[in-house]
Amino acid sequence: MDAQSLLSDLKLGLRAVFVLPLRRLFGGPDGLARFERSFFPERLLPMSLEDGARLREASRCLACGACDAAVTTSDENAGGHPERLRPSLLPSVFARSLVELPFAGGDVRRLASRPELLRAAERLCPTGVPLERLAGWLLRRSGAEG
Ligand code: SF4
């Protein structure tokens, strides 16, 4: 063991024996509070079991675009933004980054408000991505409900 390693071990030992107990004793922020303060403002939020299940379902998407064939011309005309009314965006774009998801809230809401379209799109999906359930979860996760 060289001097540098010994010094590092000594520092860790002193921190564990003196610094951390004193910090706890005098009410400094605990690890969880400091973790939340560091990561929550960047929307790096804890994942629930449901989050994991929905992301696994979304990961079945092959980005083949077959589900987009469920969008009819009248859907496109009614939607106002036909390029944003594509069910394939749910697994292939919106579920890819939960950090950026709030910025897509309007598009997720537009898709989630069309359950009949999403059910028709699900029937076209070769890997069985549950698009309607995915839209509901993404809507809740984006904070764009209501
Ligand atoms: S049909 Fe299924 S696999 Fe293909 S893009 Fe749509 S959700 Fe993804």
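The values are calculated or read from the model by the stated rules, or taken from the named source; none is laboratory data. In this text, all values refer to a predicted model and were calculated from it rather than measured experimentally. Note that we place each Cβ from the backbone using ideal geometry, even for glycine, and neighbour counts take in every protein chain shown. To get the accessible areas, we keep the full protein, side chains included, count just its heavy atoms, and leave off ligands, DNA and RNA. Shrake-Rupley method; radii C 1.70, N 1.55, O 1.52, S 1.80 Å.
Couple of notes before you dig in:
- Divide the volume of the convex hull around the Cα atoms of the range 101-146 by the residue count and you get 64 Å³ per residue.
- Each stretch of four or more DSSP H residues adds -39500 (n - 2.57); spread over every residue of the chain, this sum gives -15000 deg cm²/dmol at 222 nm.
- List Phe103, Phe35, ordered by accessible area with a 1.4 Å probe, largest first: Phe103, Phe35
- Annotation: peptides 115-124, 128-137, 14-23, ranked by per-residue average of other Cβ atoms within 10 Å with the highest first, follow the order 128-137, 115-124, 14-23.
- Over all projection directions, the Cα-based convex hull of the chain averages an area of 13.7 nm².
- Between Leu124 and Asp51, full extension at 0.36 nm per residue minus the direct alpha carbon distance yields a gain of 23.9 nm.
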